[in-house]
Amino acid sequence: MRNGSWDLPRLLAPFRTQSFYDGHWETDALRVAGRDTDYYASLFGMSDIDALLAFTAGGNARLVQWRDGRVISKALPLTGDGVPNMYMIYRSYHDEGYSLSVDRLDLRWKQVSALCKELESKLHYPVAANLYMTPPGAQAFPVHFDTHDVFVLQLAGSKRWRIYGTPVVLPLADTPSALSPGEAGEPRDPIDLVAGDLLYLPRGLAHEAQTLGEASLHLTIGVHVFRWADVLSEALTMATRKDSRFRQALPPGFLDRDAGDFREPFKALLSVFAEMADCESSIWRVGQRLLTNGQPQPDGHFTTLEQLPQLNLNSLVAQRAGMMCKVTSSGGSAAIHYPGNVVSGPAAIQPALQFIAATPKFAVRDLPDCLADTDKVVLAQRLVREGLLTIVRLGAAEAANGRVTPSRRSRQAANRA
């Protein structure tokens, strides 16, 4: 069994990450094979299914199968106490050929959550994980395409995948994705995934999958990209707030008028928009969608909070796993943004915040000298308390009482929001 953290290079290994970006991202499928059958053992396994259902009350689980030309889906059967009825689930799976589908496993399983957070921190897109367990000789869904990019991780068993064409290039999230085999184009040679394999499918690429002689357990990592359309939408929103011409109503009874009557004012507004559109601010607003809704990984941080009084200049601190940071400045203040939170202070601390954003692990004394020693300790304490940093090692303190005691002035400066 392999342990340790997961990231995109480990997910793709031995295939190089840059080669993936250059030759497959958003364009074509990629299969990575030939790895150990227990390659994903530290993430999730067949023996974890019972615990997942029993201790998370089923979560977003359902039973599905593709039969007689339609998808049959039913809710997870429950006992009178409202918990999953494991005996009925066993029968549905083993006797009736239903697949078990569990949405958002990243919200229910620590190791899968850590993988998704790490991918988010590098790709800068929302990432989620769904789990599928299919009995032998069964199929859960017909040929279709996904409206998001996916990494398929074959955790156990095997599954045959058929890949077709791309009926919709880079579909939007609300694009209907069900297809008949004729609409999907010609199938390629089948791909048999076995435990340890990975399959990348860009959004829009049609596919279907079925088990043959053995069961299958696979994890689908969905990458929900931000598009240029999102940036333009944000730019238009900002322009609309600044210029009342975008907020004017269409003329009363506009549907009764010739559409050509609106061509010139429409072009005029496009010209105004082209002049006003702020690319940098629009990109940042799109990024805030990811940062605003984020949460830290569960890593025992309450224990770290108990160590705060002993934090000192010699302490070693680090960004918590899966964090991404963005430093901004406005007027007389600077701020560091990270998933689900933002900490701000005087503009003078901006070099320190930039150092923290760029340095995954550091000693408190290594913070830039724009801060006095006492201010360095206070800022580190603040960011531990606010959940961005964790304490790796306390280190020997230089003060007689075991810690550097910040002055009242420095505490007020570093804590100012």
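The values are calculated or read from the model by the stated rules, or taken from the named source; none is laboratory data. Keep in mind it's a predicted model, so treat the numbers as computed, not measured. Here Cβ is always computed from backbone atoms with ideal geometry, including for glycine, and neighbour counts include all displayed protein chains.
Filtering segment 239-267 to residues that are more than 30 Å from Glu280 (Cα to Cα), part of a helix (DSSP H, G or I) and of a type in the set (D, E, K, R) leaves Asp256, Asp261. No other residue among Ala352, Ala335, Ala396, Ala321 is in contact (Cβ under 8 Å) with a residue 12 or more places away in the chain and in a helix (DSSP H, G or I) apart from Ala352.
Selection of segment 355-393 for residues being charged (D, E, K, R) and part of a loop (DSSP other than H, G, I, E, B) yields Asp369, Glu386. Scanning for something over 25 Å from the mean Cα position of the chain (by Cα), of a type in the set (S, T, N, Q) and buried (at least 21 other Cβ atoms within 10 Å of the Cβ), does segment 64-71 turn up at least one residue? Checking segment 64-71: at least one residue is over 25 Å from the mean Cα position of the chain (by Cα), of a type in the set (S, T, N, Q) and buried (at least 21 other Cβ atoms within 10 Å of the Cβ). Of all residues in segment 225-252, those that are within 30 Å of Trp25 (Cα to Cα) have Cβ atoms under 7 Å from Cβ atoms of residues that are among the hydrophobic types (A, V, I, L, M, F, W, C), 6 or more apart or on another chain, in Phe226/Val286; Asp230/Val286; Val231/Ile283; Val231/Val286; Glu234/Val286; Ala235/Ala277; Leu236/Phe273.
Here Asp174, Asp192, Asp146 are screened, and the one residue that is surrounded by 15 or more Cβ atoms within 10 Å (Cβ to Cβ), assigned by TED's automatic domain parsing to the domain that holds Asp68 and acidic (Asp, Glu) is Asp146.
Within segment 275-304, which residues are over 30 Å from Ser330 (Cα atoms) and among the hydrophobic types (A, V, I, L, M, F, W, C)?
Going residue by residue through segment 275-304, those that are over 30 Å from Ser330 (Cα atoms) are 298-304.
Selection gives Phe302 alone.
Summed over segment 345-370, the residues that are closer than 20 Å to Pro309 by Cβ and surrounded by 22 or more Cβ atoms within 10 Å (Cβ to Cβ) give a count of 2.
For segment 206-224, indicate whether the set of residues that are over 21 Å from the mean Cα position of the chain (by Cα), more than 30 Å from Asp95 (Cβ to Cβ) and outside any strand (DSSP E or B) is non-empty.
yes
A single member of Gly213, Gly204 is in contact with a Pro (Cβ under 7 Å, 6 or more places away or on another chain) and surrounded by fewer than 14 Cβ atoms within 10 Å (Cβ to Cβ), and it is Gly213.
Using the structure shown, decide if Leu105 is within 17 Å of Leu217 (Cα to Cα) and either among the hydrophobic types (A, V, I, L, M, F, W, C) or touching a Pro at 6+ places or on another chain (Cβ under 8 Å) (or both). Reasoning before the result, please.
Details: within 17 Å of Leu217 (Cα to Cα): yes; either among the hydrophobic types (A, V, I, L, M, F, W, C) or touching a Pro at 6+ places or on another chain (Cβ under 8 Å) (or both): yes.
It is true that Leu105 is within 17 Å of Leu217 (Cα to Cα) and either among the hydrophobic types (A, V, I, L, M, F, W, C) or touching a Pro at 6+ places or on another chain (Cβ under 8 Å) (or both).
Mind checking which residues of segment 140-152 are farther than 17 Å from Tyr90 by Cα and out of contact with any His (no Cβ under 6 Å at 6 or more places or on another chain)? Correct list: Phe141, Pro142, Val143, His144, Phe145, Asp146, Thr147, Asp149, Val150, Phe151.
As for segment 108-127, it holds no residue that is touching a residue at least 24 places away in the same chain (Cβ under 8 Å), buried (at least 18 other Cβ atoms within 10 Å of the Cβ) and over 30 Å from Phe15 (Cβ atoms).
Taking the options Thr56, Thr27, name whichever one is closer than 30 Å to Lys326 by Cα, out of contact with any Asp or Glu (no Cβ under 6 Å at 6 or more places or on another chain) and of a type in the set (Ser, Thr, Tyr). Full working, then the answer.
Details: Thr56 fails: closer than 30 Å to Lys326 by Cα.
Answer to the check: Thr27.
Looking across segment 173-196, the residues that are of a type outside the set (S, T, N, Q) and assigned to a loop (DSSP other than H, G, I, E, B) come down to Ala173, Asp174, Pro176, Leu179, Gly185, Glu186, Pro187, Arg188, Asp189, Pro190, Ala195, Gly196.
Does Leu52 meet the test of being in contact with a Phe, Trp or Tyr (Cβ under 9 Å, 6 or more places away or on another chain) and part of a helix (DSSP H, G or I)?
Working: in contact with a Phe, Trp or Tyr (Cβ under 9 Å, 6 or more places away or on another chain): yes; part of a helix (DSSP H, G or I): yes.
In short, yes.
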